[in-house]
Amino acid sequence: MPPRAPLSPARVVDAAAAIADRDGLDAVTLARLAGELGVRAPSLYNHVDGLDGLHRALTLRALDELGQRLQRAAVGRAGADAVRALATGYRDFARERPGLYATTLPSSEGPDAAIRDAGHGIVATVLAVLAGYGFADEAEIHAARTLRSVLHGFASLELAGGFGLPVDVEATFDWLLDLVTSGFADLAAASTPTTA
């Protein structure tokens, strides 16, 4: 049997993320994590600051992964195409990393500067995608919140098995994105001042 890799903060977070994705965020405990890693729970404190520190590390990992995924999805795209790519990246992250996804739901506007900065990076990506619609500042925030709300709603229902009817879920997702992108275009056009 090959020797076990030494414990490190990254290895601890990797194992915690795997538990969260497989069994849910509530399943991540120090005792469970220690068992998965084959160590005693007190040795985890050399790598994370207790359960709160572990949850913080999971949140940072999730925000970083989600932010990178959204940036990669949107790069080189504009308008409805960019919104669709960003939305697909968001949905894929939620499906592939459900435990990590759960850590991204609270607002990042708290006292933790690293979490706040990571959250701001995601918001900046979303706002850059929405900039092509020409929304004014406040309307752009409403559009970003709308997009997040519909994507989270869809992803949450999908993760919970909420789409049980025998109708193609991909077609429903496309329909949702048609509604969102056409709605954004209509709202942007209606708010653009006309010249006489």
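Values in this text are rule-based calculations from the coordinates and carry no lab data. Here the structure is a predicted model, which is why all the values come from computation and not from measurement. Note that each Cβ is placed from the backbone with ideal geometry, even for glycine, and that neighbours are counted across all protein chains shown.
If you keep only loop residues by DSSP, which trypsin sites (Lys or Arg not before Pro) in segment 4-52 have at most 15 other Cβ atoms within 10 Å of their Cβ? Let's see the in-between values first.
Details: sites: Arg4, Arg11, Arg22, Arg32, Arg40; in loops: Arg4, Arg40.
Of the trypsin sites (Lys or Arg not before Pro), the ones in loops of segment 4-52 whose Cβ has at most 15 other Cβ atoms within 10 Å are Arg4, Arg40.
For segment 1-48, report the convex hull volume of the alpha-carbon atoms normalised per residue, in Å³, without decimals. Working shown, then result.
On the way: hull volume 3.7 nm³, N = 48.
For segment 1-48, the hull spanned by Cα atoms encloses 78 Å³ per residue.
Give the peptides 74-81, 177-184, 163-170 in descending order of average Cβ contacts within 10 Å, highest first. Let's see the in-between values first.
On the way: 74-81: 14.2, 177-184: 15.9, 163-170: 9.0.
Peptide ranking by packing, descending: 177-184, 74-81, 163-170.
If you fit an axis through the alpha-carbon atoms of helix 79-96 and take the longest principal axis of the Cα set of the chain, what angle between them do you get, 0 to 90°, nearest 10?
20 degrees
Roughly what would the spin-label model give for Asp26 and Ser107, points 7 Å off Cα along C-beta, in nm?
Modelled inter-label distance: 2.6 nm.
How far is helix 50-74 tilted off the main Cα axis of the chain, in degrees rounded to 10, range 0 to 90?
40 degrees
Between Tyr45 and Asp186, take the C-beta separation as r, use R0 = 35 Å, and let me know the FRET efficiency to the nearest 0.05.
Values: r = 55 Å, r/R0 = 1.56.
Efficiency for this residue pair is about 0.05.
Report, in cubic angstrom per residue, the convex hull volume of the C-alpha atoms of segment 1-156. Mind dumping the intermediate values first?
Numbers: hull volume 19.0 nm³, N = 156.
In segment 1-156, the Cα convex hull volume per residue is 122 Å³.
To the nearest 10 degrees, how steeply does helix 137-159 sit against the main Cα axis of the chain, on a 0 to 90 scale?
So the inclination is approximately 50 degrees.
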